[in-house]
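The values are calculated or read from the model by the stated rules, or taken from the named source; none is laboratory data. Only a predicted model underlies this, so the values are computations on that prediction, with no experimental measurement involved. When we count neighbours, we look across all protein chains shown, and the Cβ atoms used for this are built from the backbone with ideal geometry, even at glycine.
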Amino acid sequence: MLRITGGKVYDPANNINGEVRDVCISGGRVVAAVEDARTIDATGMVVFPGGVDVHTHVAGAALNFARGLIPEQHRQAAPIIHSRLRRAGLGGSTPTTFATGYLYAGMGWTTVNEAAVPILSAKHTHEELHDTPIVDKTCCVLMANNEILLDLMEAGEWERARHVMAWQVWAAKAYGVKAVNPGGVAAWKWGKDAKQLSDPIAGYSNITPGQIVAGLARLVDELKLPHPLHLHCNNLGAPGNVTTTLETMKTLEGNRAHLAHLQYHAYGGDDWSNISSASTTLADAFNACPNLTTDAGAVLFGNTVTVTADGPWQHLLYQLTGKKWANLDVENETGCGVVPYAYKPGSPANAVQWAVGLELLLLITDPWRVFLTTDHPNGAAFWRYPEVIRLLMDLDFRREQLKAIPDKVLKRIILPELTRQYTLSEIAVITSAGPARALGLSHKGHLGVGADADVAVYNESADVAHMFSYPRYVIKGGEVVIEEGELRNVVEGRGFVVKPAYDETVEGYLRPLFQQHYTMSFDNYPVAPERVHGLQVVEPAP
Amino acid sequence: MSCTLGEVKNRADLIIYWGGNPAECHPRHFTKYTIMQKGKYVPNGRKGRTMVLVDIRETPSAKAADLFLQVRPAKDFETLTILRALIKGRRVDAAAVAETGLTLEQLEDLAHRMKTCRFGVLFFGMGLSMTRGKHMNSAAALTLAAELNAFTKFVTMPMRGHGNVTGADVVMRYTTAYPFGVSLSRGYPRFNPGEFSTIDLLVRGDVDATLVLGADPGATMPQPAIDHLARTPTIVLDPKVTHSSRLARVHITTAATGITAPGTVYRMDEVPLPLRPPLSGPYPSDEDVLKRIVAAVKRKPAWEPAGV
Amino acid sequence: MLTLTLKESPHVPLEAEVISPDVVANLTPGEVRALPVLLGKRRCRLDDWFDVDGDAGDEIEVRGDASKVKWIGRGMTRGRVTVVGNAGTHLGAYMTGGSVEVTGSAGDWVGGEMGGGTIRVRGDAGGQLGAAYRGSPSGMSGGTILVGGSAGIELGMRMKRGLIAVGGKVRDFAGLQMKGGTIVLTGGAEIRTGAWMARGTIVSLVPLRLLPTFAAAGPYHPTFLRLYARHLRPLGFALPCEPHEGAYRRYTGDAAVPGKGEVLVWQPA
């Protein structure tokens, strides 16, 4: 039992905005009162619900493929030295699994959503998530290029597609549905792409990317999944792609969706020489769509590695950079590309990307619908979130940083005109309360009675980057894991998995198709429930 | 540039085996994944695919191939490097090509097939990756395949040896960030194949004790490495008596994974497969034994790593 | 001068990056003796393994068979390290200034990713001399490495600038993926010299068997070689460059990249 006393509590879900009050914890949950509890004196500190990352790539075959490609970055990474408490590992742009848990918790984040899981290698993803301590985990299964689903859409068999989708979510032991470059990755299997929503898809004659987007979003809503369709739009990263993004928002026809890493989808211009920010247009349109949430996918300057299921984009990036490239296509389901990358302020395209991520966070008016991410590791590593927070909260610092941006780029961005500064309460929304709500995790992201006792306590300080990098206390599930800024206790995280209702006979339909198109036995395909450690099953009402 | 094996089955119309003999070493490869299968986009199966075999001798696999190219021993790197130049339209001197044992015409034909196929795959075996040039031969195959994607879809994959080599590689990567050749002596992972890889450590005598798991170095490694294993304390975990267990100080008999113990094996394309044991046996699994060793070591006085 | 005499050869590698003028220069004798070195995973004191004599300054002399002592002179920026005997792996890696001299032989990765300074090995050197560490885009970016004897594989891998000269024969893949700088081979090389090079110059006084992706471009009398010849002569490397002595045959490649590197092979008149 614990009582955190004397701190200013920021719990926006319960309309508490910096009030000094106690947070009491018992049995891993927030409770109204405790007696004879250990007391943490949080005077001079702020108390936040534990951070929730709505979109990150921390585990799985693709990320692990990336790890193997960049020993030169690992040599520069912060070493995690083995101790009685800690397993050895490395930080850097793709931290090792144990390090990932320590680094997230070390910043006050207690829940992460791994955003891209193929069913075929989901067993592997769950192995990695099991070795990612402290944080609770959810994951999204990749579907927008799943050929069994695409074939059903092509044939107009939507009813069956819904049962297949539900079966696949449970087979992967996933929490939500992810769509990456709908149709484009399937086309990439032939070395092609599908950039626009009306483009034909190599190998298909009826369906278009637009129909896949709309169809998947509808199916997810029909299945009442707690998290809406998690969508990586078509035409990522390309100059002028804002038109595709705007069209995608229309195509969704009011169905719910979470638009991932919006920064990569908000560009004007026609080519790399005149790429510009289109965040005003996009934010205006987004503000008018209450069915949508998004995350920033902010970029910070420095070395990283880009990892995405968007194979064709990665091949283009490889041709642009002339550096390393790895590609890993997954039969009948998806692809993945890996390209190490350095974002430089002197590069006009990179400078625009840096500005756009911040602009979207500042221009989208409702903090409950835009969340802090860097699309880790694509825009920057997650452990750099405190730098983004500082850029949002501190106008002077932002202006200072703008000095490194080339003059010709300043005309193509609007960041210099924006004066908004985030409040602590808004930070609590975009880092915790908002993403928890978007994920449908009702017991996360707040400190009301009954919530999971995931709490971060920071020193209140003008240096917000330092403040959010070194929490004084972090409590996960009621256990104190960080104390006085140091790791004191390593607990296991839990895995939240959704089991939507489906007609069991759908297996009879899938089995022969599977035997024909896959190279694994059908019985070996689903992830056995015992492979998810700390399994928490969520069953949506039918 | 890789993919899971189902992509090959469903799409590949050009299948190249280089420095490997799948007919004898990976007997199920042809029938389960590659040439003999009817695929989603290769409805005619064998008739819809071209198979090329490149090797230093005419193995039984050559019978299955449409085209057999006999390259001179230790000329694989040269041949792959010539192909890299040819696909880019660079001229290579016909007389200089002769050292590979192949003619310029043959290599131009192969380069043309690679560039014009719909979906090509290059499987390379230990005849490439373990002969003179080693990792650079593999690098040549990987680079050629990557560069071919400027023209068409092309992937490549190593045909790995026996046991769960791929699984070890995968687990090392997510726990240490590196695939092999890792040292934890400073309390955090460092990587340097040649310095920290097992053979080199043993040959140079840089270790004073060895734990052998899922391998039989006593049968496969060079003599100086084997001598060092015999000279220093060696512990072997294995269900059966092996060359290594005979020279070890300690041999702990463990359950055979997949027969009497459950586990996960990774296919050469990094797809995990669950193993369900059909039998039960008296011996503990490797995992049980290792956990007990770790627990026992923890009871000893703390070793504080020295850090960076 | 600080003298470190190895008491006995360690049975497993000893990591001793503290043997560098930058580390010891301002330390008291007591502090020097207490510097940490790693025997395998165990932390020891420098004086557990070395007799420490003299005063710390910009000069260090290491005596004994230090072939299992790694990282001597790591990242040094100034001063002088002399090894009377053999040196282990990573000698002078990442150094940017000063000089290192070894009277015997040295292990792999001599001058790995070095940026400046001079390393001279009188005996043989191992593989990856002046090379890029695994995955790095470039190897040595400046400075000079001189080896009297032979050297191992992947010499100068991905080097960007600087000079490597080797008196004995070198093994496979010298100048692999080279990006710039100069390699002088007076004792010849085994196979695949200059493989996948993009730029840079390899000079050989012995005929080489080059990859088929190198093209012969005729005889050549490069004037820049006179500078190198003058620089290398006092260091024991004779580089002929008078027209009456012969000419260099110039090859360009590697066409696989496609690269603009050059390999100059001496042909006596």
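Assess whether A:Asn303 counts as being touching a residue at least 24 places away in the same chain (Cβ under 8 Å), in a helix (DSSP H, G or I) and surrounded by fewer than 24 Cβ atoms within 10 Å (Cβ to Cβ).
Considered against the rule, which asks whether it is touching a residue at least 24 places away in the same chain (Cβ under 8 Å), in a helix (DSSP H, G or I) and surrounded by fewer than 24 Cβ atoms within 10 Å (Cβ to Cβ), A:Asn303 comes out as no.
Out of the stretch A:255-290, which residues are in a loop (DSSP other than H, G, I, E, B) and farther than 22 Å from A:Gly183 by Cβ?
Residues satisfying the conditions are A:Gly269, A:Asp270, A:Asp271, A:Trp272, A:Ser273, A:Asn274, A:Ile275, A:Ala278, A:Ala288, A:Cys289, A:Pro290.
Name the single residue that is farthest from the chain's Cα centre (by Cα) among those in the stretch B:21-60 being within 21 Å of A:Leu328 (Cβ to Cβ) and either away from every other protein chain (no Cβ under 13 Å) or small (Gly, Ala, Ser) (or both).
Checked the stretch B:21-60; the qualifying residue farthest from the chain's Cα centre (by Cα) is B:Gly39.
Take the residues of the stretch B:190-238 that are more than 28 Å from C:Tyr133 (Cβ to Cβ) and buried (at least 19 other Cβ atoms within 10 Å of the Cβ): which is farthest from the other protein chains (Cβ to nearest Cβ)?
B:Asp238
Could you please give the count of residues in the stretch A:162-206 that are within 23 Å of the chain's Cα centre (by Cα), closer than 20 Å to A:His265 by Cβ and not in a loop (DSSP other than H, G, I, E, B)?
The qualifying residues number 8.
Restricting attention to the stretch A:524-539, report how many residues are β-branched (Val, Ile, Thr), more than 10 Å from chain B (Cβ to nearest Cβ) and surrounded by 15 or more Cβ atoms within 10 Å (Cβ to Cβ).
Qualifying residue count for the region: 2.
Look through B:Arg173, B:Arg186 and report the one residue that is in a loop (DSSP other than H, G, I, E, B), within 14 Å of chain A (Cβ to nearest Cβ) and of a type outside the set (A, V, I, L, M, F, W, C).
Values: B:Arg173 fails: in a loop (DSSP other than H, G, I, E, B).
Residue meeting the stated conditions: B:Arg186.
Would you be able to say whether some residue in the stretch A:458-475 is surrounded by fewer than 19 Cβ atoms within 10 Å (Cβ to Cβ), closer than 30 Å to A:Asn291 by Cα and touching a residue at least 12 places away in the same chain (Cβ under 8 Å)?
Within the stretch A:458-475 (the criterion being surrounded by fewer than 19 Cβ atoms within 10 Å (Cβ to Cβ), closer than 30 Å to A:Asn291 by Cα and touching a residue at least 12 places away in the same chain (Cβ under 8 Å)), the answer is no, since none of the residues qualifies.
Please determine, by comparing only the residues of the stretch A:332-368 that are aromatic (Phe, Trp, Tyr) and without any contact (Cβ under 8 Å) to a residue 60 or more places away in the chain, which one is surrounded by the fewest Cβ atoms within 10 Å (Cβ to Cβ). Can you show your working first?
Taking the stretch A:332-368 as the starting set, the residues that turn out to be aromatic (Phe, Trp, Tyr) are A:341, A:343, A:354, A:368.
If we keep only those that are without any contact (Cβ under 8 Å) to a residue 60 or more places away in the chain as well, we get A:341, A:343, A:354.
Details: A:Tyr341: 22, A:Tyr343: 19, A:Trp354: 29.
Once the filter is applied, the top-ranked residue is A:Tyr343.
So which residues in the stretch C:214-244 are over 27 Å from the mean Cα position of the chain (by Cα) and within 14 Å of chain B (Cβ to nearest Cβ)?
C:Ala215, C:Ala216, C:Ala217, listed by residue number.
Can you say whether B:Glu105 is of a type outside the set (Val, Ile, Thr), touching a Lys or Arg at 6+ places or on another chain (Cβ under 7 Å) and either assigned by TED's automatic domain parsing to the domain that holds B:Ala23 or closer than 14 Å to B:Thr152 by Cα (or both), as far as the supplied structure shows?
The answer is no for B:Glu105.
Among strands (runs of 3 or more DSSP E) lying entirely in the stretch C:152-269, which contain 2 or more residues that are modelled with pLDDT of 95 or more?
C:161-166, C:182-185, C:201-204, C:246-253, C:261-268
Do we find that B:Pro189 is out of contact with any Ser or Thr (no Cβ under 7 Å at 6 or more places or on another chain) and assigned by TED's automatic domain parsing to the domain that holds B:Arg267 in this structure?
For B:Pro189, the condition - out of contact with any Ser or Thr (no Cβ under 7 Å at 6 or more places or on another chain) and assigned by TED's automatic domain parsing to the domain that holds B:Arg267 - is not met.
Given (1) farther than 30 Å from C:Arg171 by Cβ; (2) assigned to a strand (DSSP E or B), where does B:Met114 come up short, assuming only one miss?
(2)
Report yes if C:Thr144 is part of a strand (DSSP E or B) and more than 26 Å from B:Ile82 (Cβ to Cβ), otherwise no.
Taking the combined requirement at face value, the residue satisfies it.
Of the numbered conditions (1) under 27 Å from B:Asn192 (Cα atoms); (2) crowded, with 17+ Cβ neighbours inside 10 Å; (3) touching a Leu at 6+ places or on another chain (Cβ under 6 Å), B:Thr254 satisfies every one except a single condition; which is it?
All conditions pass for B:Thr254, except number (1).
Select, from A:Glu159, A:Glu128, the only residue that is over 19 Å from the mean Cα position of the chain (by Cα) and farther than 22 Å from A:Gly445 by Cβ.
Exactly one residue qualifies, and that residue is A:Glu159.
Given the conditions (1) at the interface with chain C (Cβ under 10 Å from one of its Cβ atoms); (2) among the charged types (D, E, K, R); (3) free of Cβ contacts under 8 Å to residues at least 24 places away in the same chain, and given that B:Arg132 satisfies all but one, which numbered condition is not satisfied?
Exception for B:Arg132: condition (3).
Return the residues of the stretch A:60-80 that are within 7 Å of chain B (Cβ to nearest Cβ) and over 19 Å from the mean Cα position of the chain (by Cα); say none if nothing qualifies.
Correct list: A:Gly68, A:Pro71, A:His74, A:Pro79, A:Ile80.
Looking only at the stretch A:85-114, count how many residues are among the β-branched types (Val, Ile, Thr) and assigned to a helix (DSSP H, G or I). Please lay out each step first, then the result.
Within the stretch A:85-114, the first condition is being among the β-branched types (Val, Ile, Thr), and the residues that meet it are A:94, A:96-97, A:100, A:110-112.
Okay, now just the ones that are also assigned to a helix (DSSP H, G or I), so A:97, A:100.
Counting residues in the stretch A:85-114 that are among the β-branched types (Val, Ile, Thr) and assigned to a helix (DSSP H, G or I) gives 2.
When B:Leu122 is evaluated against the numbered criteria (1) within 13 Å of chain C (Cβ to nearest Cβ); (2) of a type in the set (A, V, I, L, M); (3) outside any helix (DSSP H, G or I), which criterion, by number, is the only one it fails?
It is condition (1) that B:Leu122 fails.
So which residues in the stretch A:113-136 are under 15 Å from A:Val491 (Cβ atoms) and of a type outside the set (S, T, N, Q)?
Result: A:Leu129, A:His130, A:Asp131, A:Pro133, A:Ile134, A:Val135, A:Asp136.
Just to verify a result, which residue in the stretch A:253-264, among those that are out of contact with any Lys or Arg (no Cβ under 9 Å at 6 or more places or on another chain) and surrounded by fewer than 23 Cβ atoms within 10 Å (Cβ to Cβ), is modelled with the lowest pLDDT? Even if it seems obvious, please write down each step before you answer.
Step one: filter the stretch A:253-264 for residues out of contact with any Lys or Arg (no Cβ under 9 Å at 6 or more places or on another chain), giving A:254, A:256-259, A:261-264.
After this cut, where a residue has to be surrounded by fewer than 23 Cβ atoms within 10 Å (Cβ to Cβ) as well, the list is A:254, A:256.
Numbers: A:Gly254: 89, A:Arg256: 96.
Filtering the stretch A:253-264 for residues that are out of contact with any Lys or Arg (no Cβ under 9 Å at 6 or more places or on another chain) and surrounded by fewer than 23 Cβ atoms within 10 Å (Cβ to Cβ), the one modelled with the lowest pLDDT comes out as A:Gly254.
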